[in-house]
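**Student:** Shown below is the structure under consideration.
The values are calculated or read from the model by the stated rules, or taken from the named source; none is laboratory data. Model, not experiment: these values are computed from the prediction. Ideal geometry is used to build each Cβ from the backbone, glycine not excepted, and the neighbour counts take in all protein chains shown. Areas reflect the complete protein model, heavy atoms only, side chains present, ligands, DNA and RNA absent. Shrake-Rupley method; radii C 1.70, N 1.55, O 1.52, S 1.80 Å.
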Amino acid sequence: MTLLHVENLCVRFPSDQGEVEVVRGLTFTLGRERLGIVGESGSGKSMTGRALMGLIPKPGRVTADRMEFEGIDLRGLAEPAFRRLRGARMSMAMQDPKFSLNPVIRIGDQIAEALEFHSRLSARDRRARVLEVLQAVRIDDPERVYQLYPHEVSGGMGQRVMIAMMVILEPALMIADEPTSALDVSVRAQVLEIMDDLVRRRGMGLILISHDLNMVARWCDRILVMFNGQVVEECAAGQLHAATHPYTQGLLASMPRLDEDRAQLPVLDRALIGAGLGGRT
Amino acid sequence: MIEVQNLTVDYGPTRVLHGVSFNVAEGESFALVGESGSGKSTILKALAGQVPDWSGAMRLAGADLGKRRDASLVRRVQMVFQDPYGSLHPRRTVDDTLAEALVIHGIQGRDAKVLAMLDAVGLARRFRFRLPHQLSGGQRQRVAIARALMLEPQVLLLDEPTSALDVSVQAEILNLLKGLRTEKRLTFLLVTHDLPVVSFLCDRLGVLRSGRLEEVSPVSALRAGQLTSAYGQELITRSG
């Protein structure tokens, strides 16, 4: 079943030099699968995620020929209707738990907030549900963590709390924007594994946004490579090494390897690739 | 060039380094790897003189590093930090940033030295009077490297110099560091969690865990996936 239909999505921001198009005509569909969107800073990957969630702030403008989620047209959807979707049907995890959690609200109460808004559970049932979801993200002593404030937990634990927040209402679509880049390497795999497990078990769709090609290749089924607001390459995760676009090839080549023996790393010629796309660089 | 013997550091009641010893030869590039909290950055800070409470012995180019350091010693070691967005003064131009060390150390010839350094790190001369926010991440890291090189140090301490950068920009900065090392005969002490970067840029590596040095191996062992300690192997598995 197709969860998401996007055709010709554009995101524009006004600037002193006229309008800047940060996402330029993106088209893709998403089923109950794991889709990775990779690209470097400024490629428009995060803006794509935000546009889907209706989180592009004014004066930014989002247009599309088609943008449908579970049959609902997201274009021009009024804010109250969007609020009913966000958290309940689609949810998003941001990069850094340190900045995304409210520092003055206890973790348990923060997770319960979504339940309070979207469901009619009693306070006791809400609490039970929060403890359950904390356990689902492999927090061993949920009772204790419920009472803690965000500054009292580690980065890895904080990111698990964020994931708990995202999945508590069992949404159909989860968008994770650089979910592990603020984390230490040693806990990255663990967080991704938890996320992956939840996505598979509950049959969710996942959009994983990252700059890390290897990570995306490992944890997704399909990959979109973005450059300058456009998709330059779409392939199955296992086929990344066979990428055909010069930008993707350039990115892959520019990463040092564990058994590195090159004297110099090849460097991308952005102007050249930009010219090939017929766009600004 | 760098000798560290039995270096122990306490932060209050917590011991973060437990008697770490290693040597780095002149012109060598040595990496310290480990996860957050393993003490790798603390070693750099101790060498740079930013840790007040340490014991053991540290020698640099044959001179003992004491609690107080004179200007000539400071000039030999410079540091490049992880985050180019956080390590440059937001209201100083590139020119101010580069010239500051010259002013402090009373070195003449500011104009020529700044221009030569911009050339050396591959920044166009038109960037000289820009502010950090007008530069990209890669350009800022070039400024940070240029700043560190202004005093013509023999040793560069590099604290995750590319982990905040995009991969293609990382490649540029890694190439730059490698080139500068040969050109200026620098000794590198690099701290990172990124093993492929070590493989590209270093000759030997030390694996740190909870403030203890688990092993010191040549990079060839890393490339072959044959580190001797179990923890070193674990790091290799994880980065795969």
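**Student:** How about the range B:122-240: which helices (runs of 4 or more DSSP H) wholly inside it have at least 2 residues that are among the hydroxyl-bearing types (Ser, Thr, Tyr), without any contact (Cβ under 8 Å) to a residue 12 or more places away in the chain and farther than 24 Å from residue A:190 by Cα?
**Tutor:** The helices (runs of 4 or more DSSP H) meeting that bar are B:167-184.
**Student:** For residue A:120, only one of the following conditions fails: (1) open to solvent by 30 Å² or more (accessible area, probe 1.4 Å); (2) assigned to a helix (DSSP H, G or I). What is its number?
**Tutor:** Evaluating residue A:120 over (1) open to solvent by 30 Å² or more (accessible area, probe 1.4 Å); (2) assigned to a helix (DSSP H, G or I) leaves (2) as the failure.
**Student:** Quick one: how many residues across the range B:56-70 are open to solvent by 50 Å² or more (accessible area, probe 1.4 Å) and among the hydrophobic types (A, V, I, L, M, F, W, C)?
**Tutor:** Residues flagged as open to solvent by 50 Å² or more (accessible area, probe 1.4 Å) and among the hydrophobic types (A, V, I, L, M, F, W, C) within the range B:56-70 amount to 0.
**Student:** Taking the range B:186-240 on its own, how many of its residues are within 23 Å of residue B:58 (Cβ to Cβ), open to solvent by 70 Å² or more (accessible area, probe 1.4 Å), in contact with a helix residue (DSSP H, G or I) (Cβ under 9 Å, 6 or more places away or on another chain) and not basic (Lys, Arg)?
**Tutor:** Number satisfying all stated conditions: 1.
**Student:** Would you check which residues across the range A:123-163 are among the aliphatic types (A, V, I, L, M), within 17 Å of residue A:190 (Cα to Cα) and open to solvent by 20 Å² or more (accessible area, probe 1.4 Å) and list them?
**Tutor:** Answer for the range A:123-163, where residues must be among the aliphatic types (A, V, I, L, M), within 17 Å of residue A:190 (Cα to Cα) and open to solvent by 20 Å² or more (accessible area, probe 1.4 Å): A:136, A:153, A:157.
**Student:** Any residue in the range B:105-113 that is within 14 Å of another protein chain (Cβ to nearest Cβ), open to solvent by 10 Å² or more (accessible area, probe 1.4 Å) and either in a helix (DSSP H, G or I) or more than 30 Å from residue A:181 (Cβ to Cβ) (or both)?
**Tutor:** Looking for residues that are within 14 Å of another protein chain (Cβ to nearest Cβ), open to solvent by 10 Å² or more (accessible area, probe 1.4 Å) and either in a helix (DSSP H, G or I) or more than 30 Å from residue A:181 (Cβ to Cβ) (or both), one finds none in the range B:105-113, hence no.
**Student:** Just the residues that are within 26 Å of residue B:182 (Cβ to Cβ), in contact with a helix residue (DSSP H, G or I) (Cβ under 8 Å, 6 or more places away or on another chain), part of a loop (DSSP other than H, G, I, E, B) and open to solvent by 20 Å² or more (accessible area, probe 1.4 Å), please, taken from the range B:72-104.
**Tutor:** Across the range B:72-104, the qualifying residues are B:81, B:87.
**Student:** Which count do you get for residues in the range A:35-71 that are away from chain B (no Cβ under 14 Å) and either of a type in the set (S, T, N, Q) or over 23 Å from residue A:219 (Cβ atoms) (or both)?
**Tutor:** Adding up the residues that qualify gives 18.
**Student:** Which residues, counting only those in the range A:219-234, are open to solvent by 10 Å² or more (accessible area, probe 1.4 Å), under 22 Å from residue A:195 (Cβ atoms) and in a strand (DSSP E or B)?
**Tutor:** Listed by number, the list holds a single entry, A:222.
**Student:** Considering only residues of the range B:4-19 that are open to solvent by 60 Å² or more (accessible area, probe 1.4 Å) and hydroxyl-bearing (Ser, Thr, Tyr), which is nearest to residue B:79 (Cα to Cα)?
**Tutor:** B:11
**Student:** May I ask you to list the residues in the range B:20-55 that are in a strand (DSSP E or B) and open to solvent by 30 Å² or more (accessible area, probe 1.4 Å)?
**Tutor:** Answer for the range B:20-55, where residues must be in a strand (DSSP E or B) and open to solvent by 30 Å² or more (accessible area, probe 1.4 Å): B:21, B:23, B:55.
**Student:** Only strands (runs of 3 or more DSSP E) wholly contained in the range A:1-82 count here; list those with 1 or more residues that are open to solvent by 20 Å² or more (accessible area, probe 1.4 Å), of a type in the set (S, T, N, Q) and touching a residue at least 40 places away in the same chain (Cβ under 8 Å).
**Tutor:** The strands (runs of 3 or more DSSP E) meeting that bar are A:4-15, A:18-30, A:61-63.
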